[in-house]
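This report concerns only the one structure given below.
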Amino acid sequence: MTFSSPGFLLLGIALALLVVLALWRHARRRRRLAMFLGGTRAVERLSRTDLYRMRLERMLLLVLATLAVAGAAAEPRWQEADRVTPVRSMVLAIDVSASMQASDVSPTRLARAVEVAGELVETLGSDRVGLLLFAGSAYPVASPTPQHAALRYFLSGVTPTMASAHDPGTLLSVGIREAAALWTTDAEPGEERSIVLISDGDDGEDESAVLTEALAAAGRGIRIYAVGLGTPEGSGMSMPTAAYQLGGPVLDASGAPSISRVNEPLLESIVRAGGGRYVQGDDDGALADFQDSFRPRQAAGPWWARYDLAFVLILIALGGLLIESILDVRLPGWRAAPIGREVA
């Protein structure tokens, strides 16, 4: 147990001593009254209470109430609640290359990627989240921030027209490197950093280049996760129509429709190098479990740590005052000797 304002404890002890002094002086006055009435035998005939008895029960209840109020004012906290919750920050790296226009995932891989990213943001509580779009080049959108409303706004702008005919390919190494570069300062003590790649893995570069960047990020303490979108059978791609861009199907060198397939082995190699986890975006159960793993959880503690200490102490103080003022508590006490010579 710790206290934010321990000075109130000293004040409470001082007030408790004043209560004891006041009750002691009150007891002396009661004994003097007993002498005035004629001593022990007269008091037994004239009074329902023993004026010679020190009322320890009243003293204990008032001292308890005083100390409880002082303890509540000192703002006590359980030590379990004082443990620093790890700061988590994450960068969502979304593939916006031409292959993400494939329709083997409904409605398209890119549209599903935006849905997955939005659902993940909803589970992150107050964690910091950044956003990066990438194809052959990287397009940083936001550094890690706790302003999730802004992230959702940015995600709403990720549409099929993001894919450019001038940048159709996928370079995962660029996505990983530039996502890691969004952290411009060293990690805070206890901070957990991670990158979530949302891609089909249909990469146009050597695997060793991708793994080199994944290992470099892991060396900086950044864990890499991946969500794979697409099917092994694959699908054709269709570029959207946009300003200064003609839409239509993506063709290969022979003029036939180009087929894009998810590259799960590459994505799994990336997460092994990055110390993270791979999940298939079409597996709703696995995806829900993946998203739930980032949900903030309260650290388990003893059952009594669930209750606010200040509230409990106020209840104790009120209970003590109620018993002292209403109930006729009779605890064993000691009988003070009469002061001076009693009147026979």
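Side notes on the structure shown:
- Extension gain (nm, one decimal) between Arg77 and Ser126, 0.36 nm per residue minus Cα-Cα: 15.4 nm
- Mean projected area (nm²) of the alpha-carbon convex hull when the stretch 106-243 is viewed from all directions: 9.1 nm²
- Remark: the Ala209-Leu318 segment gains 32.3 nm on full extension, using 0.36 nm per residue and subtracting the alpha carbon distance.
- The residues packed around Val271, meaning those with a beta-carbon under 10 Å from its beta-carbon, carry a net charge of +2 if Lys and Arg are +1 and Asp and Glu are -1.
- Calculated FRET efficiency for the pair Met1/Arg220, C-beta based, R₀ 41 Å, to 0.05: 0.60
- In the stretch 165-227, trypsin sites (Lys or Arg not before Pro) in a DSSP loop with at most 15 other beta-carbon atoms within 10 Å: Arg220
- Taking a ≥ b ≥ c as the square roots of the eigenvalues of the Cα gyration tensor, an a/c ratio of 1.5 or more together with a/b no larger than b/c marks the stretch 256-299 as oblate.
- Relative to the current alpha-carbon distance between Asp284 and Ile326, full extension at 0.36 nm per residue lengthens the span by 8.9 nm.
Any read-out appearing in this document is the output of simple, stated calculations on the displayed coordinates, not a laboratory observation. Owing to the predicted nature of the structure, the values given are computational and were not obtained by experimental measurement. We place every Cβ from the backbone using ideal geometry, glycine too, and count neighbours over all the protein chains shown.
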